[in-house]
Amino acid sequence: MKTGKILCLLTGFCLALTIIVASQVHATLGESASSITVNKKALSAVKSTTRTSSRYTVHEFQSETLAVREYVSPSGVVFGIAWNGLSHPDLTPLLGSYASEHQKAVNQTRRQPGRRHVKVKSSNVVVEKWGHMRNLQGRAYAPALIPQGVNTDEIK
Amino acid sequence: MKLNKLLFFILISLLVVSCSGGGGGGVGTTSATLSSIAVTPLTPGIKTGETQQFAATGTYSDSTTQDITTSVTWSSSDTTVATIGSLSGLATAVAAGTTTIRATSGSISGSTTLTVTSPTLISIAVTPAIPMINLGATQQFVATGNYSDSSTEDITTSATWSSSNTTVATIGSSSGLADSVATGTTTVAATSGSISGSTTLTVIPVNVLPITVNGSLCSSGSYPNKPCVKVKICSPGSTSSCKTIDDILLDTGSYGLRIFGSLLTDISLTQVTSVTGGSLTNCVNYADGSANWGPVKIADVILGNETASSIPIQIIDSTYGTTSAQIRSLCGNPDVSPSSAGFNGILGVGLFTEDCGSGCVSDPNNGRYYSCNGSTCTATTASLSKQVKNPVSMLTIDYNGFIVQLPAVATGGATSADGFLILGIGTRSNNTVAGITAAYPTDSTGLFTTEHDGNTYSSSFMDTGSNGLYFDSSIRQCTSGTAAGWYCPTTTQSLSATLAGYTASFSIGNASTIFNSYYYSPYYNVFGELGAPYGASGYFDWGLPFYLGRSVYVVIDGNTVSGIGTGPSLAY
């Protein structure tokens, strides 16, 4: 089942199966918009808003100290997440099935002391973090899931 | 025939002569026996570490003599004074004293007395070299004698100490302990007989901390443009249970003092209790993806010679409170050790008083404070008084801000750069507002706007903890090697930008050239022209290169400084 999940991630074709398989875990990226409710609870959000454009929908949850935005494609799949606040959120539930490959990539990333931006790329997901102590920011996206015509810089 | 007979006689004669020559040496003779051995030189004297070759001469029953140095057995009566090669007769002096050197062959032996004397003092080295201390502090000096035998010895208590300017510092004549009297410089000397050694002691005001960018206060395995200071940590209220720690990263981009717990094991600090009764624990995520995790404890923090009494600091401990899996989930990738982090601690002295502020007072899910109890840690709120504090903001006199003063470095780089962190603004004669060309407030998170090359960077900040100038630009980047992704213009670009309306100049050099002189001779560490893209639009990170050649004033949130304004504000 796990292998099936990973293989499916490589092809948009299998997305429907991925959604079904992974909906039990607190995960988001690459999954259906319904996982958003789970995250809203996990993040103890006090406020949520939704913005819709022709190319995607943005669901934002805000606690007093952290805002998380999830970017959902017209087909209903979360293709990107952005956040800002006092800390970086726990990425494990947010990255879902991408979390382990991301963690492996983090472990292999050489530290760059003195930098205030980090970009960790693995086969299927890109995670970036930046900012400063009172306002840390970041985003994660699965390049293969980004709808046509959407620029990664829009995930912010 | 007659001729043949003559030749035969000559040959036989030669043979007999050569055989009798050997017989004189005691070899192959049956008649002469060894009767005595003489050891030379007769009364030798050498210094420790030196060697002496001895010779043995045998006298035989037929009154002949022979050099028998290599056929006797050599010994030394006191091998703590000198040792000797049992076959070679080469003695090595070990320590002052006398020893009998004996050569033995069968029942016959001969001897002499070797006198070993102490080596002579050639020079004295006084350490630490060129130290700087704050007014009110003391400095213990050490004198190391260098001797003729290449040995060294600590002669601190046997040397005589002096200070050339006793109005600056006095020194105990037999202790080497210097006591500051006033700011200034004095020559401290240690003398023994006719030999002396010296160094210069500088006494700086109580509110000044030396900064070395990749200098003596940094660990050797550092990275380019790393500013280091030292701080003293004491048990609350104690003046003796203290520890001075260097290789502390000076970071104007964060708030609060954080030190690895492994360096403070011998100092008792008070754990701060969370609102729910657990141990208050702190998590700080940094923008480079690293983090610091560990308990909040109360300590006296001494900066220069000023004390921030009983303030919360973070004890960095990546194993504290719960399982490593939970810590990773709560706090990302926490630094494990000074060597993995690249520093012993971080002195966060930026624009704000606490590391979090009001957000952590009301929202338990702030991601920064946790309450650890048993083996679990849960999200919690933390009142302002319990949050990790910017130590400068907790000083008695100089709490309103500080000045970071660093020298300019030559184009191309420098090995290190020495400057000062001056505490307080306008509170003393050495921290008045002078020579500034820009003064402006930041927003409530420390940001301001930079305009450069037609671009607007609305998220701009000043940060000594960033080691370059990071901003997205069309400047050419290196595509390979260690400089890949850094700016690599063919020639150094002299640029200008407007920061909150004030123009400032800066330079971006070729990172390939820069890293070449970092990794290879001349092994430079400090570079004023190091830059790279930030990686997120709208950001301009004015890192350490901006500070080189400037005095940057930081007014802490809520304080007002005449000539600059109300904090959070910057001036330079």
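On the basis of being under 25 Å from the mean Cα position of the chain (by Cα) and either touching a residue at least 24 places away in the same chain (Cβ under 8 Å) or over 14 Å from B:D355 (Cβ atoms) (or both), does B:N285 make the cut? For B:N285, the condition - under 25 Å from the mean Cα position of the chain (by Cα) and either touching a residue at least 24 places away in the same chain (Cβ under 8 Å) or over 14 Å from B:D355 (Cβ atoms) (or both) - is not met.
Taking the range B:92-114, which residues are assigned to a strand (DSSP E or B) and closer than 16 Å to B:T59 by Cβ?
Across the range B:92-114, the qualifying residues are B:A103, B:T104, B:S105, B:I108, B:S109, B:G110, B:S111, B:T112.
Within the range B:242-256, the set of residues being within 14 Å of chain A (Cβ to nearest Cβ) and surrounded by fewer than 16 Cβ atoms within 10 Å (Cβ to Cβ) is empty.
Here's the yes/no breakdown for (1) crowded, with 24+ Cβ neighbours inside 10 Å; (2) within 13 Å of chain A (Cβ to nearest Cβ); (3) of a type in the set (A, V, I, L, M); (4) outside any loop (DSSP other than H, G, I, E, B):
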residue	(1), (2), (3), (4)
B:T276	no, no, no, no
B:V284	yes, yes, yes, yes
B:A291	no, yes, yes, yes
B:T307	no, no, no, yes
B:S310	no, no, no, yes
B:I313	yes, no, yes, yes
B:I327	yes, yes, yes, yes
B:L330	no, yes, yes, yes
B:L347	yes, no, yes, yes
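When residues in the range B:115-144 are screened for being part of a strand (DSSP E or B) and small (G, A, S), 3 of them pass. Scanning the range B:242-270 for residues that are part of a strand (DSSP E or B), over 22 Å from the mean Cα position of the chain (by Cα) and either over 30 Å from B:L406 (Cα atoms) or of a type in the set (F, W, Y) (or both) gives B:Y255, B:T270.
Residues in the range A:85-107 that are surrounded by fewer than 19 Cβ atoms within 10 Å (Cβ to Cβ) and in contact with a strand residue (DSSP E or B) (Cβ under 8 Å, 6 or more places away or on another chain) were compared, and the one that is farthest from the other protein chains (Cβ to nearest Cβ) is A:A105.
Results for (1) under 22 Å from B:C377 (Cβ atoms); (2) at pLDDT 95 or above; (3) of a type in the set (G, A, S), shown as yes or no for each residue.
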residue: B:L263; (1), (2), (3): no, yes, no
residue: B:L269; (1), (2), (3): yes, yes, no
residue: B:V272; (1), (2), (3): yes, yes, no
residue: B:N282; (1), (2), (3): yes, yes, no
residue: B:N285; (1), (2), (3): yes, no, no
residue: B:G289; (1), (2), (3): yes, no, yes
residue: B:P295; (1), (2), (3): yes, yes, no
residue: B:I298; (1), (2), (3): yes, yes, no
residue: B:I302; (1), (2), (3): no, yes, no
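Here A:E70 meets each of (1) surrounded by fewer than 22 Cβ atoms within 10 Å (Cβ to Cβ); (2) in a strand (DSSP E or B); (3) touching a residue at least 40 places away in the same chain (Cβ under 8 Å) with one exception, condition (1).
Determine whether B:V81 is within 43 Å of the chain's Cα centre (by Cα) and under 30 Å from B:I302 (Cα atoms). Here the answer is no, as B:V81 does not meet what is asked. Of the listed requirements (1) away from chain B (no Cβ under 13 Å); (2) touching a Ser or Thr at 6+ places or on another chain (Cβ under 8 Å); (3) touching a residue at least 24 places away in the same chain (Cβ under 8 Å), A:E60 misses just one: (3). Restricting the range B:211-241 to residues that are closer than 13 Å to B:S309 by Cα and assigned to a strand (DSSP E or B) leaves a set whose member that is farthest from the other protein chains (Cβ to nearest Cβ) is B:C234. Do we find that B:I259 is among the aliphatic types (A, V, I, L, M), surrounded by fewer than 24 Cβ atoms within 10 Å (Cβ to Cβ) and away from chain A (no Cβ under 13 Å) in this structure? Against the criterion (among the aliphatic types (A, V, I, L, M), surrounded by fewer than 24 Cβ atoms within 10 Å (Cβ to Cβ) and away from chain A (no Cβ under 13 Å)), B:I259 does not qualify. When B:S444, B:S473 are checked against the criterion of being outside any strand (DSSP E or B), under 24 Å from B:I346 (Cα atoms) and out of contact with any Gly (no Cβ under 7 Å at 6 or more places or on another chain), B:S444 stands alone in meeting it. Summed over the range B:145-167, residues that are part of a loop (DSSP other than H, G, I, E, B) and closer than 17 Å to B:L201 by Cα total 5. Picking from residues in the range B:331-348 that are more than 20 Å from A:L91 (Cβ to Cβ) and of a type in the set (A, V, I, L, M, F, W, C), the one that is modelled with the lowest pLDDT is B:A341. Of all residues in the range B:447-466, those satisfying the criterion of being closer than 15 Å to A:G131 by Cα and either more than 14 Å from every other protein chain (Cβ to nearest Cβ) or not in a strand (DSSP E or B) (or both) are B:L447, B:T449, B:D463, B:T464, B:G465, B:S466.
The set of residues in the range A:108-144 being closer than 17 Å to B:G342 by Cα and more than 7 Å from chain B (Cβ to nearest Cβ) consists of A:T109, A:R110. Looking at B:T160, B:T100, just one residue is assigned by TED's automatic domain parsing to the domain that holds B:T83 and either without any contact (Cβ under 8 Å) to a residue 12 or more places away in the chain or farther than 24 Å from B:P210 by Cβ (or both), and that residue is B:T100.
The values are calculated or read from the model by the stated rules, or taken from the named source; none is laboratory data. These figures come from a predicted structure and were not determined experimentally. With ideal geometry, Cβ positions are generated from the backbone for all residues, glycine too; neighbour counts draw on all protein chains shown.
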